[in-house]
């Protein structure tokens, strides 16, 4: 048999490694077949309705497709049009990043702080307060309430209050004045931000091993802030990662609040976001190739921001 020289791999060795790897995978599948069987319905639904549409959208972004004619390959034309010729998209990007930079970190920190405070309460009070803080995120009439608050006539709650105490002399058109629209959308989004991440943080805080706190006290941790930084946050890394993903996704994908409060499109595109731009071309103009390009750009932005956030969270407690 020919001796193997350094840096040279015998083809038989490669084949043996591949065979061993396949045999190992087959053995693991047989060993854990019940787990994979239980996971298969979810994985099938996830692959069919998430993975496949994302791949199709990515491919479709290189085509012109108007839902009537057969898709026509145009290469990078959709992307060049998006970044070089679409001024409204640039407005949408600016609004989206401004919205995400303000609401993302504030809502994330607020979710954790409220969860941390509520977790210190007794179980019954904790359950009640959790419901109180979580309720706005699942309320179906939230937009109707805020439309009344920011109504542009004297019967609007905010205008009525300001006029009653002499701050203004005539009603302000809150939802049709571009100076106020984005700020109002940000306020409403912050009010709705205590959602899934808030529940995840509550659950994570309740699963922290109490012996770690006792051991920390022996090692010199003598106040709650040190306990938070060196014990609580490192023990909650999975929940912190999940919360970060949810908050980033929610802040970058805002659309319903903007359209409900400011209309579609909003005045001078003051509340126009990437998702509402996507809705414009995908559901109204039916330029599916161009809409797919917008969706791909948003998808890449979300992945990039999630990666950056995860790197930052890995340093917590170090």
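No value in this document is a laboratory result; all are computed from the given coordinates. Please read all numbers here as calculations on a predicted model, not as lab measurements. Because the Cβ atoms are built from the backbone with ideal geometry, glycine has one as well, and the counts that use them run over all protein chains shown.
Measuring from label point to label point, each 7 Å out along Cα→Cβ, what is the residue 312 to residue 73 span in nm?
4.1
Build a GNM of the chain with springs between Cα atoms under 10 Å: which of 154, 197, 57 gets the top mean-square fluctuation?
It is 154.
Given 25 °C and 0.890 mPa s, compute D for the stretch 221-299 with the Stokes-Einstein relation, Rh being the Kirkwood radius over Cα pairs; round to the nearest whole µm²/s.
Rounded to a whole number, D works out at 161 µm²/s.
As a check on your grasp of the helix formula, calculate [θ] at 222 nm for the chain: sum -39500 (n - 2.57) over DSSP H runs of n ≥ 4, divide by the residue count, round to the nearest 500.
Estimated from H runs of four or more residues: -21000 deg cm²/dmol.
Pick from 300, 131, 68: which residue has the top mean-square fluctuation in a GNM of the chain where Cα pairs under 10 Å get a spring?
Among 300, 131, 68, the largest GNM mean-square fluctuation belongs to 68.
Jot down the radius of gyration and Dmax of the stretch 70-121, Cα atoms only, both in angstrom.
Spelled out, the Cα radius of gyration and Dmax of the stretch 70-121 are 19.9, 61 Å.
To check my understanding: the extent here is largest minus smallest coordinate of the Cα atoms along each principal axis. What are those three numbers for the stretch 163-293, in Å, largest first?
Extents along the principal axes, in whole Å: 62, 53, 18.
With a/c under 1.5 counting as rounded, go ahead and sort the stretch 92-137 into rounded, prolate or oblate using the C-alpha gyration tensor (a ≥ b ≥ c being the square roots of the eigenvalues; past the cut-off, prolate if a/b is larger than b/c, else oblate).
Oblate is the answer for the stretch 92-137, as a/c is 1.5 or above yet b/c matches or exceeds a/b.
Would you compute the Debye intensity of the stretch 44-84 from its alpha-carbon atoms alone, equal scatterers and no solvent, and pass along log10 I(q)/I(0) at q = 0.16, 0.27 Å⁻¹ to two decimals?
Here the Debye-derived log intensity ratios amount to -0.50, -0.89.
Along the Cα-to-Cβ line of residue 153, 7 Å from the Cα, sits a label point; which residues in the stretch 169-193 have backbone N less than 17 Å from it?
Inside the label zone: 170-176.
What is the distance, in nm, between label points placed 7 Å from the Cα along the Cα-to-Cβ direction at residue 33 and at residue 179?
Reported label-point gap for residue 33 and residue 179 is 7.2 nm.
Arrange the peptides 286-293, 177-184, 259-266 so that the one whose residues have, on average, the most other Cβ atoms within 10 Å appears first.
By packing density, highest mean first, the sequence is 286-293, 259-266, 177-184.
For the stretch 84-165, take N as its residue count and report Rg(C-alpha) divided by 2.2 N^0.38 Å.
Scaled against compact globular proteins, the figure is 1.59.
Spin-label point model (7 Å from Cα, Cβ direction): what's the residue 284 to residue 138 distance in nm?
3.3
What do you get for Rg/Rh of the chain when both radii come from the Cα atoms and Rh is the Kirkwood radius?
1.08
Send over the semi-axes of the stretch 106-218's equivalent ellipsoid, whole angstrom and largest first, taken as the square roots of 5 times the C-alpha gyration tensor eigenvalues.
39, 14, 13
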